[in-house]
Amino acid sequence: MLNVDELAELVRTRRTIRGYDNDRDVPEECIQKILDIARLAPSGGNGQPWEFIVIRDPEMRQRIVDFYQKQTEDKLEMERAIRGKASIGGAGFRNAPVFILVVGDPRVNQCYPIRTNLEKGNQHFISGLASATLLIHLAATTLGLGSQWVSDANSPYMGTMLKAWLGIPEELRIYELIPIGYPTRRPPAPPRRSLEEIVHRERYEPAKRRTDEDMQKFIQTMTRAGNYGRSKSTGENASPGSSDQ
Ligand SMILES: Cc1cc2nc3c(=O)[nH]c(=O)nc-3n(C[C@H](O)[C@H](O)[C@H](O)COP(=O)(O)O)c2cc1C
């Protein structure tokens with residue numbers, strides 16, 4: 001079994017990849033292995049809400065990239081209207097040879113007790129899909145592959161178009177699009193909050209409570225919205241002032 005240091009190395013090695021080698025295909029065997037791991041993810045009540053749509057056809061992928069780019073327009077417009085400026089990462093994933101669309105069936109929520117379904121059915125549903133998605137990213141990393149979350153896949157326009165165009169039944173919900181391929185470069189690790197800052201012993205430690213000012217500083221220095229505090233563009237992964245996720 002994997003020991004804790006190997007697990008830590010895997011988790012540290014995984015990066016969100018936003019640029020892919022156009023000339024290097026991903027063997028089907030890799031995709032099979034990745035999805036065979038994803039299906040073992042934990043889920044509320046073992047409801048296993050996930051299904052995966054694997055898209056390899058170049059024309060189909062291009063169409064998806066087109067949907068993505070089109071939905072970016074109103075996202076940018078909304079950012080400009082409210083924040084006065086906007087920068088959203090482009091479709092750096094366009095060259096990934098495989099797209100996996102993670103979809104979920106909320107009818108599995110019926111497997112929960114009535115109260116659980118009423119109070120947190122949706123939360124459990126999303127958590128299950130997130131668990132499977134994380135396993136896809138980790139499994140891809142072990143195979144030397146890069147992967148990315150493309151959350152806008154379920155934005156109103158893109159989600160609707162994907163559903164219509166890929167023939168996804170009405171009752172299913174789109175969760176994430178995951179491009180997979182060989183990375184053109186390995187970006188540096190974005191900063192993470194220290195253990196000291198996030199762990200509270202015995203009870204919540206008031207000294208660690210963040211003020212609104214602390215939070216603004218954090219957003220500007222550690223998150224993608226603040227380009228992880230980096231001053232200059234560092235390629236595909238950089239997104240200064242990004243409104244991206
Ligand atoms: C729920 C969720 C949504 C995300 N959505 C996007 C996205 O739409 N586009 C993108 O490029 N990255 C997306 N990311 C990736 C994050 O930006 C990334 O995980 C974070 O910046 C840390 O970088 P790392 O994954 O390389 O450690 C998302 C990640 C999560 C967990």
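Rule-based calculations on the coordinates, nothing more; no lab input. The structure displayed is predicted, hence computed values, not measured ones. Every residue, glycine among them, receives a Cβ derived from its backbone with ideal geometry; neighbour counts consider all protein chains shown.
Given the options A153, A96, A189, state which has the largest fluctuation in a GNM of the chain using a 10 Å cut-off (strictly under) for Cα springs.
In the Gaussian network model the winner is A189.
Which residue fluctuates most in the GNM of the chain (Cα springs below 10 Å): K75, K120, K208?
Top of the fluctuation ranking is K208.
Trypsin sites (Lys or Arg not before Pro), restricted to segment 28-62: which are DSSP loop and have at most 16 other Cβ atoms within 10 Å? If you can, show how the numbers build up before the last one.
Working: sites: K33, R39, R56, R61; in loops: R39, R56.
When the trypsin sites (Lys or Arg not before Pro) of segment 28-62 are filtered for loop state and at most 16 Cβ neighbours within 10 Å, R39, R56 remain.
Out of the GluC sites (Glu not before Pro) in segment 140-228, which ones are loop residues according to DSSP with at most 16 other C-beta atoms within 10 Å? List each step's numbers first, then the result.
Numbers: sites: E170, E171, E176, E196, E197, E202, E213; in loops: E170, E171, E202.
Of the GluC sites (Glu not before Pro), the ones in loops of segment 140-228 whose Cβ has at most 16 other Cβ atoms within 10 Å are E170, E171, E202.
Please compute one quarter of the surface area of the Cα convex hull for the chain and express it in square nanometres. All intermediate terms of the calculation are to be shown ahead of the outcome.
Values: hull surface 64.3 nm².
Projected over every direction and averaged, the Cα hull of the chain covers 16.1 nm².
Along the charge dipole of segment 10-187, pointing to its positive end and built from +1/-1 on Cβ of Lys, Arg, Asp and Glu, which listed residue (T16, P179, N46) has its Cα farthest out?
Going by the charge dipole, the pick is T16.
Please give the direction-averaged projected area of the C-alpha convex hull for segment 190-233, in square nanometres with one decimal. Don't skip to the end; give the middle numbers.
Values: hull surface 14.1 nm².
Here the figure is 3.5 nm², rounded to one decimal.
Which of E73, E28, E205 moves most in a GNM of the chain, Cα contacts under 10 Å?
E205
Helix check for the chain. Which DSSP H runs span at least 20 Å along their own axis by Cα, with a mean Kyte-Doolittle hydropathy no less than 0.0? Can you show the working numbers first?
On the way: long enough: 58-83 (36 Å, -1.37); 114-142 (39 Å, 0.29).
Long hydrophobic helices here: 114-142.
Can you give me the long-range amide H partners of S87? Hydrogens built in the peptide plane at 1.01 Å from N, cutoff under 5 Å, separation of 5 or more residues or another chain.
Here S243 satisfy the definition.
Along each of its three principal axes, how wide is the spread of alpha-carbon positions in segment 21-72, in whole angstrom units, largest first?
The principal-axis extents, from largest down, are 37, 29, 15 Å.
Counting alpha carbon pairs within less than 8 Å and at least 6 residues apart, what relative contact order, in whole percent, applies to the chain?
On the way: 370 pairs, mean separation 68.5, N = 245.
Taking the mean separation of contacting Cα pairs over the length of the chain, I get 28 percent.
Which entries of K33/K163; K163/K217; K75/K208 show an alpha-carbon separation above 29 angstrom in the structure shown? Write down the numbers at each step before the final one.
Details: K33/K163 26 Å; K163/K217 39 Å; K75/K208 34 Å.
Violating the 29 Å limit, Cα to Cα: K163/K217; K75/K208.
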